[in-house]
Amino acid sequence: MDQDKNNFQYAKELKAIAKGNKKSFQTLYNQEVSWMLTFAFKVLRNYKLAEDAVVETFKIIWNNAQYYEESLNHPRGWIYTIFRFHLQNTIRKNYQTIKESKKEPDNLMSEICTNLYAGVNQFVEPGSFYQVFEELPEETQKTLITTYFSGRSLADTATLLSMPLGRLKENIQMGLRYLTQKRSTFQDIKHDHTVFIGEFVLGGLTEAEQNKAHALLNEDPIAEKLTFVWEEEFLHFLNQLILEKAPDNLWVRIKQATLPEKDSSIDTNELDDELALTENADQSNKFLFRLKKFWISRNFWRYI
């Protein structure tokens, strides 16, 4: 069973991973893999694509952990920034396959919302995420949850909810504004665009608005830090989902994908027998290596 997320030392493990510590890498994997796999499957509705997204995320963490800055805090937000970008990338590359897997999207969203609503009363501490979230109108709650998990454009999400786009935007902004007012998380970070950045992270911006967000993040380190804050806030939505158990060969795939070329501590022949990397993955590794020095800030992930 994974450790309590509040007590797990994400920053410490990332720092060790940056130095090539494989034990810390596996510790982080054990901590997060079930959450990631569950999230990916809920969004993609395709188990193979979900596993691929998890593998790709851990490859990038292994190769780029040195770019996490402890001063930013919110290391889990940094991790899921990478992960959620690749979910979006997977959707773009496999749109038709995913569309066929989502024959009944409304039922999926209903299941997610039901599970989340059922557990809200367990978190009634004053100021807790769920206590604040429960105070929002039900339509606003459903809008935030659906936007987060849909993996769709804003217009498609509005269609999914049978809601005019303008009303969808109003619900998103109202919900995020209320969270910023009530959650202590945001009291130490004052910014004129806190809600706008929350919309960006949630997936609640139009294409034109996303371009404005990219420009803001390029110029403003506080805005960039806020993306990680929002990312961790939205991860509360995951807590009520029934977790998927990761198959044993998933860790094998990740070890193989991150294995240094000259590492005698692991039997490469055994790994090759269990699972071979695809040609696309090999090409991806080369591409990632060339871009490695640029992977410093959140907004870069949105451009790949």
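Please compute the length gained on full extension between Q181 and A155, using 0.36 nm multiplied by the number of residues separating them and subtracting their Cα-Cα distance.
Additional length available on full extension: 6.6 nm.
Short version: ³J(HN,Hα) in whole Hz for each residue of the range 28-38, in order, from phi by Karplus 6.51 cos²θ - 1.76 cosθ + 1.60 (θ = phi - 60°), x for Gly and Pro, what are they?
Karplus-based 3J(HN,Hα) across the range 28-38 equals 5, 4, 4, 5, 10, 4, 5, 5, 5, 5, 4 Hz.
In terms of modelled amide H atoms, which long-range or inter-chain residues lie less than 5 Å from the amide H of L241?
none
With +1 assigned to the C-beta of every Lys and Arg and -1 to the C-beta of every Asp and Glu, and no other charges, what is the dipole magnitude of the range 1-97 about the Cα centre in debye, to the nearest 20?
Here the size comes out at about 200 debye.
Report the extension gain between K93 and D188 in nm, rounded to one decimal, defined as 0.36 nm multiplied by the number of residues separating them, less their alpha carbon distance.
Gain on stretching K93 to D188: 30.3 nm.
Expressed in nm to one decimal, what extension gain is obtained for the pair N21 and S71 from 0.36 nm per residue of sequence separation less their Cα-Cα distance?
Here the segment from N21 to S71 would lengthen by 15.9 nm.
Applying the Karplus parametrisation 6.51 cos²θ - 1.76 cosθ + 1.60 with θ = phi - 60° to the phi angles of the range 167-182, what ³J(HN,Hα) value in whole Hz is obtained for each residue in order, glycine and proline being reported as x?
Working through the residues one at a time gives 5, 4, 4, 4, 5, 4, 5, 5, x, 5, 4, 5, 4, 5, 6, 9 Hz.
Of the listed pairs K169/K212; K19/K255; K142/K169; K182/K225; K59/K212, which have alpha-carbon separations greater than 23 Å here?
As for pairs spanning more than 23 Å Cα to Cα, those are K59/K212.
Add +1 for every Lys or Arg and -1 for every Asp or Glu among the other residues with Cβ under 11 Å from the Cβ of I61, and state the total.
Neighbour charge sum, excluding I61 itself: -2.
Bear in mind that the values in this text are calculations on the coordinates, not laboratory data. This structure is a prediction, so every number in the text was calculated from the model and none was measured. When we count neighbours, we look across all protein chains shown, and the Cβ atoms used for this are built from the backbone with ideal geometry, even at glycine.
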